[in-house]
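Bear in mind that the values in this text are calculations on the coordinates, not laboratory data. On a predicted model such as this, the values are computed, not experimentally measured, just so you know. Cβ sites come from the backbone with ideal geometry, for glycine too, and all protein chains shown count toward neighbours.
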Amino acid sequence: MTKYLTLLKITWQNSLVYRLSLFTWRLRSFLSSLMSLTVWTVIFTSNNSAFGYSKESMITYIFLVAFLQSMIIASSLNGLASRLYSGEISNYLLKPINLFGLFAIQEIADKIKNLLFLFLESLFLFLIFKPIIVFPDLKLFLLFLIWSFGGLILNFIITLLFGSLGFWSPQVWGPKFLFFMILDFTAGKLFPLDILPIMLQKIIYLTPFPYLSFVQIQLFLNRLNSQDILKHTVILVFWIFILGTITNKIWKKGLKSYESVGI
Amino acid sequence: MRLKTYFNVWKIFGFNAIQENLVNRGSNILFMIGKVLRFSFSLIFLFLIKNTVSSFAGYTSAQMIVFFLTYQFIDLISQIFYRGTYVFSNEVRLGSFDAYLTKPINPLFRALTGKPDINDAIFMIPSLAVSFYIFNNLDISVTWLSLVWYLILVTNGLLIITAINILILSIGILTTETEGIIWIYRDLSSMGRFPIGMYMQPLRFVLFFIIPIGMMITIPTEVLLGVKPSFSIFVTILVGVGSLIASLKFWNWALKKYSGVGS
């Protein structure tokens, strides 16, 4: 356990070395939230409700999506495929640590860092927009936290799955770009998915992406009945189980075929 | 005569880029699908707003779509011609820029246009076709005079984009690190999908005069739509020409500070 805590400390320190990169990354996240909040504030200037959302619900939605974006979707493992293909992980394979454990530690350090900055950014946005945030009751809030944790695990698994491409090909930027494009919209970053035509919603719900933040926010906003809550809980667990199993198998296969020469 | 030489050199850059694309066919196809999805989702979102909200920041919802189409066009042009900016700082670090300086063509031309984006060039065709189709079916009236002014101001917008890219290249020479700046510029420019007037001060001032996205996208669109522009055409052209002259002076100054790595 001590070695993992040490790894956490080292990863945390590493992430603060390139402060300008860190600043620009957070600024980008801030600008994205600022744009969304401005767009929706403008839409609600002349309308009391739109797309079935009140102004308060929509602004709460945008705040939450920014929060979950940083806590669930943002990942320090996005460059994993190139780390695999370049042979960088040979270094870790030789050490007495679990590879997935190491990745999890790197993710935790990244999330802690995001959380700290997120509070500052949210405070700033809060002062600008002075929104009325709609809070759920305690029971729903606890379930929201559990679902968010589930979303975090699901994203971790999906990132590992995409990263495993690096075992076999250096050409990962194409799939990665496509993945991020799909994720940007299907996780409900710019707008809630339930404003889309029903047909499109049904297609999106066939993927795990709405479980990376959209359903969590729907729960927070009290827009799900008990039947929906049960259904989404089962589906979230299902995706974690299925993708977790597939990822595990692919990584085992990848590690068997992994070779690094002259590292 | 000199212009013809540069055109021939640029054709070689383009030919090389096509060859590179053909080598990585799979990734490029996925990249293209990603671009189509992003464009489609953005349009779906805008049409949903158009069908639900009658006015947006003082514009009709049909007019708002024209802002997005202008952004899409200007952004694509920038991506097609100035993709070299994205990799330039790396070339300074590796010492490849030393080689540019020894060639009998302007190093700025090589740095700026040396890596045309073929994917975006291909995507430009369907994107323009869809844009024209949408534009023709929108409930807006355009006069020939406003169309001529629009084209002049879009050209002025391209001068501003060129100036910003030259500025980034110059920073690349001075600091060898521009990735963060490029992405912040991309995020700021994406704010131009909507009329800049909707953002609050001081961001609005920044988007009109510091990173003049508003002069690039908002003013030409306002003129096309026959709306009173946020700033006069004279000021817009002054910013366009002025920023280009200033950026060229900055480039020449930065170039004097360059020290090759002797590779």
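Output ³J(HN,Hα) for the stretch A:113-125: one whole-Hz value per residue in order, computed from phi by the Karplus curve 6.51 cos²θ - 1.76 cosθ + 1.60 with θ = phi - 60°, and x for Gly and Pro.
So the Karplus estimates, Gly and Pro as x, are 4, 4, 4, 4, 5, 4, 5, 5, 4, 4, 4, 5, 5 Hz.
Pull up the cross-link candidates among the lysines for B:Lys115, meaning alpha carbon to alpha carbon under 29 Å and not fewer than 8 places away within one chain.
Filter leaves A:Lys176, B:Lys4, B:Lys11, B:Lys35, B:Lys103, B:Lys249, B:Lys256, B:Lys257.
Show that you can apply the helix-only estimate: for chain A, add -39,500 (n - 2.57) for every DSSP H stretch of four or more residues, divide by all residues, and state [θ] at 222 nm to the nearest 500.
Values: 11 runs with 180 residues, N = 263.
Roughly -23000 deg cm²/dmol at 222 nm, from the helical runs in chain A.
Sort A:Lys256, B:Lys115 by Cβ crowding within 10 Å, fewest neighbours at the top. Present the calculation step by step, with values, prior to reporting the outcome.
Details: A:Lys256 8, B:Lys115 22.
Result, fewest neighbours first: A:Lys256, B:Lys115.
Take the alpha-carbon centre of the stretch A:1-70, take the same for the stretch B:185-252, and report the distance between them in whole Å.
26 Å
As a check on your grasp of the helix formula, calculate [θ] at 222 nm for chain B: sum -39500 (n - 2.57) over DSSP H runs of n ≥ 4, divide by the residue count, round to the nearest 500.
-24500 deg cm²/dmol
How large is ³J(HN,Hα) for each residue in the stretch A:224-232, as worked out from phi by the Karplus curve 6.51 cos²θ - 1.76 cosθ + 1.60 (θ = phi - 60°), to whole Hz, x for Gly and Pro?
Going residue by residue, I get 10, 8, 4, 5, 4, 4, 5, 4, 5 Hz, with x marking Gly and Pro.
Hey, got the average number of other protein chain Cβ atoms within 10 angstrom for residues in A:189-197?
Mean number of neighbouring Cβ atoms from other chains: 2.
Each residue of the stretch B:223-238 in order: what ³J(HN,Hα) in whole Hz does its phi give by Karplus 6.51 cos²θ - 1.76 cosθ + 1.60, θ = phi - 60°, with x for Gly and Pro?
Result, rounded to whole Hz: 5, 4, 7, x, 8, 4, x, 4, 9, 5, 4, 4, 4, 4, 5, 4.
From other protein chains only, count the Cβ atoms within 10 Å of every residue's Cβ in B:55-65, then give the mean.
Mean number of neighbouring Cβ atoms from other chains: 2.
Given a Förster distance of 30 angstrom, what is the FRET efficiency for B:Phe47 paired with B:Asn24, based on the Cβ-Cβ distance and rounded to 0.05?
0.35
Taking each pair of distinct Cα atoms in the stretch A:2-257 once, what is the resulting Kirkwood hydrodynamic radius in Å?
On the way: mean 1/r = 0.0510 Å⁻¹.
It works out to 19.6 Å.
Using a 10 Å cut-off around each Cβ, can you sort A:Met199, B:Met198, A:Met1 from fewest to most neighbouring Cβ atoms?
Working: A:Met199 8, B:Met198 21, A:Met1 5.
Fewest-to-most Cβ neighbours within 10 Å comes out as A:Met1, A:Met199, B:Met198.
Of A:Ile112, A:Ile153, how do they rank once you tally other Cβ atoms within 10 Å and put the fewest first?
Fewest-to-most Cβ neighbours within 10 Å comes out as A:Ile112, A:Ile153.
To the nearest 0.05, how large is the calculated FRET efficiency for A:Asn222 and B:Ser190 if R₀ is 25 Å and r is the Cβ-Cβ distance?
Between A:Asn222 and B:Ser190 the formula returns 0.20.
What is the helix-to-structure angle for B:25-52, meaning the angle in degrees between its Cα long axis and the longest Cα principal axis of chain B, kept from 0 to 90 and rounded to the nearest 10?
The helix B:25-52 is inclined about 30 degrees to chain B.
Taking each residue of B:26-35 in turn, how many C-beta atoms of other protein chains fall within 10 Å of its C-beta, and what is the average?
Per-residue shielding by partner chains comes out at 6.
Using amide H atoms built in the peptide plane, which far-off residues or other-chain residues are under 5 Å from B:Phe56 H to H?
B:Ser61
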